[in-house]
1. What about A:Ile331, is it within 14 Å of chain B (Cβ to nearest Cβ), open to solvent by 30 Å² or more (accessible area, probe 1.4 Å), touching a His at 6+ places or on another chain (Cβ under 9 Å) and among the hydrophobic types (A, V, I, L, M, F, W, C)?
2. Within the range A:338-389, can you find the residues that are open to solvent by 10 Å² or more (accessible area, probe 1.4 Å), part of a helix (DSSP H, G or I) and within 13 Å of another protein chain (Cβ to nearest Cβ)?
3. State yes or no: is B:Thr48 of a type in the set (S, T, N, Q), within 23 Å of B:Met185 (Cα to Cα) and crowded, with 24+ Cβ neighbours inside 10 Å?
4. Any residue in the range B:323-340 that is touching a Phe, Trp or Tyr at 6+ places or on another chain (Cβ under 9 Å), of a type in the set (Phe, Trp, Tyr) and within 14 Å of chain A (Cβ to nearest Cβ)?
5. Let me confirm something: among B:Leu235, B:Leu220, which residue is assigned by TED's automatic domain parsing to the domain that holds B:Phe300 and open to solvent by 10 Å² or more (accessible area, probe 1.4 Å)?
6. Restricting attention to helices (runs of 4 or more DSSP H) lying wholly within the range B:1-98, give those where 1 or more residues are in contact with a helix residue (DSSP H, G or I) (Cβ under 6 Å, 6 or more places away or on another chain) and modelled with pLDDT of 95 or more.
7. Which of the residues belonging to the range B:126-140 are open to solvent by 100 Å² or more (accessible area, probe 1.4 Å), in a helix (DSSP H, G or I) and without any contact (Cβ under 8 Å) to a residue 40 or more places away in the chain?
8. Taking A:Val175 as the residue in question, decide whether it is open to solvent by less than 10 Å² (accessible area, probe 1.4 Å) and in a helix (DSSP H, G or I).
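The values are calculated or read from the model by the stated rules, or taken from the named source; none is laboratory data. Fair warning: this is a prediction, and the values are worked out from it, not measured in the lab. Cβ placement follows ideal geometry from the backbone for every residue including glycine, while neighbour counts extend to all protein chains displayed. Side chains are part of the model used for accessible areas, which takes the heavy atoms of the whole protein and leaves out ligands, DNA and RNA. Shrake-Rupley method; radii C 1.70, N 1.55, O 1.52, S 1.80 Å.
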Amino acid sequence: MKAVEFKNISKNFGNFPALTNVSFGIESNSVHCILGENGAGKSTLMKILFGMYQSDGGEFYIDGNSVKFDSPHDSIGMKIGMVHQHFMLIDDFTVLENVILGNETTTGLKINFTEIRSVLNDIINKYNLELDLDSKVSDISISSQQKVEILKLLFRDSGILIFDEPTAVLSPVEVKEFFKIIDEFKRNKKTIILITHKLNEVKLIADRVTVLRKGEVVYEEDIIDYNIDLEKLAQAIVGESRVSIAVDKSSENLTNETLIQLNSINLSRNNVKILDNLNLSLRKGEVLGICGVEGNGQNEIAEIITGLEKDFTGDFKNNNVNVSLVPDDRINKGMIMEYTVGENIYLKNGRKFIASSAILDDFSDKTINEYDVRLTNNKASLGSLSGGNQQKVIISREISAGNEVLIFSHPTRGVDINATAFIHSKIIEERNKNRAVLLISSDLDELVSLSDRLSVLFKGKIVKTFDPEELASYRSDNKISLTPDIEIKKEKDNQLFELLGKLMIGMAD
Amino acid sequence: MNLKTKINLISISISLVITLLIFSLITIIIGQNPAEILSIILNDVFATGYGMGQTLFKATSLIFCACGLAICFHAALFNIGAEGQLNAGSFVIALIAVYFADLPFPVVFLLCLVSGFIVSGIFGLIPAYIKIKKDVSEVITTIMFNFIILALVNFFLVDFFAVKSTMRTEKISENFMLTKFSDFMPFFSGSSLNISFLIALAVAVISYILIYKTKFGYELRAVGFNKTASKFIGLKVNKITLIAFFIGAGLTSLSGINFIFGYKGFYEMGFSSNIGFTAIAVALLAKNNPIGIIFSSLLFAILEYGGLSVNQQVPKEIMLVVQGVIILAILSVDKIVNNYFENKKDF
């Protein structure tokens, strides 16, 4: 029995075909992964299923019945629910208020809170969501916010659950938790559709995978007992133009000159301690990785070093250098969506007071060529580009500023394989140019393969720093693979990962 | 022409058509023939050089104010205080011109330009500073400053500077008056149109270049689009806020030049007749584009001057209604047109 069946779905945006004759089915009570590069059409397809877009051609069936959705209202009525990449929550409301918003069970004008509470608490217990109904959404972590979104769907009793890159914002520990919840869904006869970039996750959790490329289905396979050829899958995703860059990081140019020094830094916000006696030094020609569950002080470290955060105590030394930052949240912090590629770069790096079109074009052409940014025309606003391309532009802007210190915060979050490999090669290139690089990430593969030194951050404190020798002892060779996702991890790596995982949640000393 | 300009032109045109329809409806309801009313207005404005001159004269002050406001609006700073700011600057302009009557004209004129600009600018800086330091919305503070400034000017004028039993300063020297268009183009004879109009056109062009073609303009608009990102990109958001407010408020003082040097020769309480507020609508109608502001100022000037001429047929408040309807129409139509185009290209 198919929960969802697409038949010849097509969708065009202007002259751009986003989906062409897409046909495939999703078995009910299964986990179905949809893979593809940025801009392959995954999100568009899901938005059609969710009723946010209407297809130009073709039709689809829910439980065997042909349906037509004019808005998400219709799809919600058919028990379809979606967790978007950017959560749709109201920060100032409590978990409870967010969940019942739009679904209030009322007697007359009064909302029946006692009944709702008991229903919600049952769901929370059943799926082990660990949520407090009365916390404000702005006070809880990203992973808890995701659980609020999940709770919303369960409260509406959705049978088909769509997740758009759910693990992009989660730490490894949280990912495991999330998978447990997914398993529980399956046990409860729900159908789960997962959009993701991470192949290892597909292997762990999916029953079937469909790969989209340039709006067409190019690959489909069942996964039985975790058996799937990841190499083949990766090939299907990126097609012929597969880049596989291996940068040799061995070139030793560590001068040991310290550029940034943080000594016993303390920082509190609303009486909550964010940084606790933190010590950190950043040297020329190294990548210092910061590993940790999100919200343990990573952003604050970046903001102190860039000079955006001044409200701290302790000793912060900047050896007269300028700092560039690729922020964690590209949409809100990283760019002006209304500006073109050239304008975004001119905004930071332009030296001339008059912005002639020659200058703007020059900035734009350089970035588009060097970073292989894909866009419909050079005057397109950055907001209309896919996430991976936006990220490339931001990274180009920050790198070309030519500053001695570079901070990359989650540089490849939600970015496809090709772009990830490219961004990694750029980070190493900067390191080899004797720049100091601070890499903040929750992706352990990324951290382990790029970092010279690796510090683990827990509750605003660095609990452990791996120096280069120690890291090397875990590594099998000096070459790093820039597409770590598809590499089958060596045993040594696994030891390191396990240790890191424990350190990150404060379980080891 | 890029898509953005096209969308703007389409939505402005639709709004104007809607406004025309509503205007017609209202005139019909009060028992008049809309075509007739319109023809009286157009006839009065365009048939004579005097009408055209008066209309351009009114547009001049609007252009100055609206350009200033546009600079603030582009940085998402909602300066509602132009009325106060322009009065402060104009008052000082008149005083300086009166009290330095012995100096040569170019010196006095320059002195007036600079000091008027600075005084108006400072009254823009205060709300900006409060916003930066204490995060108080500039909407509240600028509105309040309108009352404060008008009261202060009133006090100083009445108690110290006014000509007895009037609400105006003394007249500035006749030699200081700016050349009127009628002096070299008899066509405009009788009207107050003076070379301030040319200054206004220049200000609009310079504002346009400043906003759209310079580094400062890009920073200004970036702050307006996304303040957080601007901070992270490394822009000095506070500095930009202060500069935008200073230039924006400063420009409003130029409407005093038009009135004092170009028309009456003195500062008079209430001379501005709310152009500080009308300019908000003018800037909005033009989507804060200074070149567009030239045209929207002309439109509002036509409405204002034309409103006087149909006073016998319809109450002059009708023109206020029309001004209001234009704004409402543009705000709503804009959304619809933008959504329409977005759905066509978005992915």
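1. Spelling it out, A:Ile331 is indeed within 14 Å of chain B (Cβ to nearest Cβ), open to solvent by 30 Å² or more (accessible area, probe 1.4 Å), touching a His at 6+ places or on another chain (Cβ under 9 Å) and among the hydrophobic types (A, V, I, L, M, F, W, C).
2. A:Glu343, A:Lys348, A:Asn349, A:Ser357, A:Ala358, A:Ile359, A:Leu360, A:Phe363, A:Gly383, A:Ser384, A:Gly387, A:Asn389
3. no
4. No: zero hits.
5. Matching residue, one of B:Leu235, B:Leu220: B:Leu235.
6. B:49-74
7. B:Lys133, B:Lys134
8. So A:Val175 does not fit the description; no.
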